[in-house]
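Visitor: Take a look at the following structure, please.
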Amino acid sequence: VQLVESGGGLVQPGGSLRLSCLASGSTGSINAMEWYRQRPGQQREFVAGITRERGTTNYADSVKGRSTISRDTALNTMLLQMNSLKPDDTGVYYCKALTLWRDVWGQGTQVTVSS
């Protein structure tokens, strides 16, 4: 499985971004997909996750109510819609796939929230 994130960029506080994660390879082995982020000077942290079969979702408290995770199994794509962005949301956002054999990470996409 290979993962490629896109959609990051510079956005003003209060703005929105939609991050995408495109999976390729043995995508049938993916059980769930997740978003993580690493804010400057901090450890990587969980943001949101979704199961492949049922689409069950969960969110970190820090983004709950402002973010929506979704997946399109036909397109092997996971999305993260982020609204009401704050400067504290700045960081590198990573896609992670939980497969039958191992976890796979993408290369990350930078999100910068600044005026």
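Visitor: Could you tell me which numbered condition Val63 fails, if it satisfies all but one of (1) free of Cβ contacts under 8 Å to residues at least 40 places away in the same chain; (2) among the β-branched types (Val, Ile, Thr); (3) assigned to a strand (DSSP E or B)?
Guide: The one condition Val63 does not meet is (3).
Visitor: Taking region 18-28, which residues are more than 15 Å from Arg54 (Cα to Cα) and of a type outside the set (A, V, I, L, M, F, W, C)? Outline the logic, then answer.
Guide: Start the filter on region 18-28 by keeping residues that are more than 15 Å from Arg54 (Cα to Cα), which leaves 18-27.
Once the filter is applied, which keeps residues that are more than 15 Å from Arg54 (Cα to Cα) and of a type outside the set (A, V, I, L, M, F, W, C), region 18-28 yields Arg18, Ser20, Ser24, Gly25, Ser26, Thr27.
Visitor: Another question, then. Mind counting the residues in region 1-51 that are polar (S, T, N, Q), over 16 Å from Thr68 (Cβ atoms) and assigned to a strand (DSSP E or B)?
Guide: To start, the set of residues in region 1-51 that are polar (S, T, N, Q) comprises 2, 6, 12, 16, 20, 24, 26-27, 29, 31, 38, 42-43, 51.
Next cut, over 16 Å from Thr68 (Cβ atoms) only: 2, 6, 12, 24, 26-27, 29, 31, 38, 42-43.
So of that shortlist, the ones also assigned to a strand (DSSP E or B) come out as 2, 6, 24, 31, 38.
Matching residues across region 1-51 total 5.
Visitor: Right, something else. Consider region 12-31. How many of its residues are of a type outside the set (Ser, Thr, Tyr) and farther than 17 Å from Leu75 by Cβ?
Guide: Total satisfying the criteria: 6.
Visitor: Please work out if Ile50 is open to solvent by less than 20 Å² (accessible area, probe 1.4 Å) and at pLDDT below 95. Don't jump to the end; show me each part of the working.
Guide: Details: open to solvent by less than 20 Å² (accessible area, probe 1.4 Å): yes; at pLDDT below 95: no.
No: the conditions fail for Ile50.
Quick grid of which residues meet (1) touching a helix residue (DSSP H, G or I) at 6+ places or on another chain (Cβ under 8 Å); (2) over 15 Å from Lys96 (Cβ atoms):
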position: Gly9; (1), (2): no, yes
position: Pro13; (1), (2): yes, yes
position: Ser20; (1), (2): no, no
position: Arg39; (1), (2): yes, yes
position: Thr57; (1), (2): no, no
position: Ala60; (1), (2): no, no
position: Gly65; (1), (2): no, yes
position: Arg71; (1), (2): no, no
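Visitor: Name the residue, out of Val11, Val1, that is of a type outside the set (Lys, Arg) and over 22 Å from Val113 (Cβ atoms).
Guide: Working: Val11 fails: over 22 Å from Val113 (Cβ atoms).
Step by step, each of Val11, Val1 is checked, and only Val1 is of a type outside the set (Lys, Arg) and over 22 Å from Val113 (Cβ atoms).
Visitor: So, one more: Consider only pairs whose beta carbons are under 8 Å apart and that are at least six residues apart or on different chains; among these, list those whose first residue lies in region 80-91 and is free of Cβ contacts under 8 Å to residues at least 12 places away in the same chain and under 8 Å from Leu17 (Cα atoms) and whose second residue is open to solvent by 30 Å² or more (accessible area, probe 1.4 Å) and β-branched (Val, Ile, Thr).
Guide: none
Visitor: So which of Ser67, Ser26 is modelled with pLDDT of 95 or more and more than 18 Å from Gln107 (Cβ to Cβ)? Give the derivation first.
Guide: Values: Ser26 fails: modelled with pLDDT of 95 or more.
After applying the criteria, what remains is Ser67.
Visitor: Just to confirm my filter: which strands (runs of 3 or more DSSP E) fall fully inside region 66-109 and include at least 2 residues that are over 13 Å from Ile30 (Cβ atoms) and open to solvent by 10 Å² or more (accessible area, probe 1.4 Å)?
Guide: Numbers: elements: 67-72, 77-82, 91-99, 103-105.
Strands (runs of 3 or more DSSP E) meeting the threshold: 67-72, 77-82, 91-99.
Visitor: Would you confirm, using the coordinates I've provided, whether Thr57 is modelled with pLDDT of 95 or more and either open to solvent by 40 Å² or more (accessible area, probe 1.4 Å) or in contact with a Cys (Cβ under 9 Å, 6 or more places away or on another chain) (or both)? Explain how you work it out, then say what you get.
Guide: Values: modelled with pLDDT of 95 or more: yes; either open to solvent by 40 Å² or more (accessible area, probe 1.4 Å) or in contact with a Cys (Cβ under 9 Å, 6 or more places away or on another chain) (or both): yes.
For Thr57, the condition - modelled with pLDDT of 95 or more and either open to solvent by 40 Å² or more (accessible area, probe 1.4 Å) or in contact with a Cys (Cβ under 9 Å, 6 or more places away or on another chain) (or both) - is met.
The values are calculated or read from the model by the stated rules, or taken from the named source; none is laboratory data. From a predicted model like this one, the values you see are computed outputs, not experimental measurements. Please note: Cβ atoms are built from the backbone with ideal geometry, for glycine as well, and neighbour counts cover all protein chains shown. What goes into the accessible areas is simple: the full protein's heavy atoms, side chains included, and nothing from ligands, DNA or RNA. Shrake-Rupley method; radii C 1.70, N 1.55, O 1.52, S 1.80 Å.
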